[in-house]
1. Do we find that Asp59 is out of contact with any His (no Cβ under 8 Å at 6 or more places or on another chain), of a type in the set (D, E, K, R) and in a helix (DSSP H, G or I) in this structure?
2. Among the residues of region 97-131, write down those that are of a type in the set (D, E, K, R) and either in contact with a Leu (Cβ under 9 Å, 6 or more places away or on another chain) or not in a helix (DSSP H, G or I) (or both).
3. If a residue has to be at pLDDT 95 or above and closer than 18 Å to Arg40 by Cα to count, how many in region 82-111 make the cut?
4. Out of all the residues in region 62-96, which are under 29 Å from Phe175 (Cα atoms) and assigned to a loop (DSSP other than H, G, I, E, B)?
5. Looking at region 146-199 only, could you name the residues that are at pLDDT 85 or above and basic (Lys, Arg)?
6. Which pairs do you get when a residue that is over 13 Å from Gly53 (Cα atoms) and without any contact (Cβ under 8 Å) to a residue 60 or more places away in the chain, found in region 18-31, comes within reach of a residue that is in a helix (DSSP H, G or I) and among the basic types (Lys, Arg), reach meaning Cβ atoms under 7 angstrom, with the pair 6+ apart or on two chains?
7. Search region 104-123 for residues that are farther than 20 Å from Gln166 by Cβ and pair each with any residue that is among the charged types (D, E, K, R) when their beta-carbon atoms are under 6 Å apart and the residues are at least 6 apart or on different chains.
Amino acid sequence: MLPAMKPTPDSDGPEAALRVSQDQFIAVWGQMAGAWGISRTMAEVHALLFITGEPLCTDDIMERLDISRGNASMSLRALLDWGIVQRAHKRGDRKEYFEAEQDVWTMFRAIVRERLKREADPLLASLHEIRDMTKPGRVGAAETPELADKIAAHRERLETMTEFFQTVENLGQQFVSPAGKGLQIAASLLGTLSGGGRG
């Protein structure tokens, strides 16, 4: 976490205030890393690129965040994979630069899409596999009616759970479609419903 910086009398002014505000945003974004399931450094690199709004090279990132080249490079590769950071180039400069997606709805669609791929999809695959362990034809006939009832109830619970997560996953895919604005529309509708319920 970046230290809480405050402008000193010698450094007080618009530029110092901007720097402190940026550093505080980076620190807060880094604290949210656990909610994404990523490392703090990866979140801080993303926060730096987003809040400065300009392309930075690896050296710039290392210096600003005081991290190693390996740490910076690993975080940048991961952010590129997530689709929330892109490569950029500056004319006449041979260094490789990176910039963050600036549209927050596009950014969060990419984050949700990645979380679905990393978490919801494997969970659904596991639920299907667990459910199929007791499907008819895969196991022998139950020795007693009581056992048959337990197996049927077991499969029904798993079926209900699987259907729920499949529905959630399908909704998520609609919201995070790269071509659509489902997430923004859903948020707007929820906001309208919430506002309409106030008396």
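1. Values: out of contact with any His (no Cβ under 8 Å at 6 or more places or on another chain): yes; of a type in the set (D, E, K, R): yes; in a helix (DSSP H, G or I): yes.
Here the answer is yes, as Asp59 does meet what is asked.
2. Within region 97-131, Glu99, Glu101, Asp103, Arg109, Arg131 meet the criteria.
3. So the answer is 2.
4. Result: Gly83, Ile84.
5. Residues of region 146-199 at pLDDT 85 or above: 146-167.
Once the filter is applied, which keeps residues that are at pLDDT 85 or above and basic (Lys, Arg), region 146-199 yields Lys150, Arg155, Arg157.
6. Taking only residues 6 or more apart or on different chains, the pairs are Gly30/Arg40.
7. Partner pairs satisfying both residue conditions: Met107/Glu101.
Results for (1) of a type outside the set (Val, Ile, Thr); (2) surrounded by fewer than 14 Cβ atoms within 10 Å (Cβ to Cβ); (3) farther than 23 Å from Trp82 by Cβ, shown as yes or no for each residue.
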residue	(1), (2), (3)
Arg113	yes, no, no
Glu119	yes, yes, no
Leu127	yes, no, yes
Thr134	no, no, yes
Arg138	yes, yes, yes
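The values are calculated or read from the model by the stated rules, or taken from the named source; none is laboratory data. This one's a predicted model, so the numbers in the text were calculated from it and none came from an experiment. In this analysis, Cβ positions are derived from the backbone assuming ideal geometry, glycine residues included, and neighbour counts consider all displayed protein chains.
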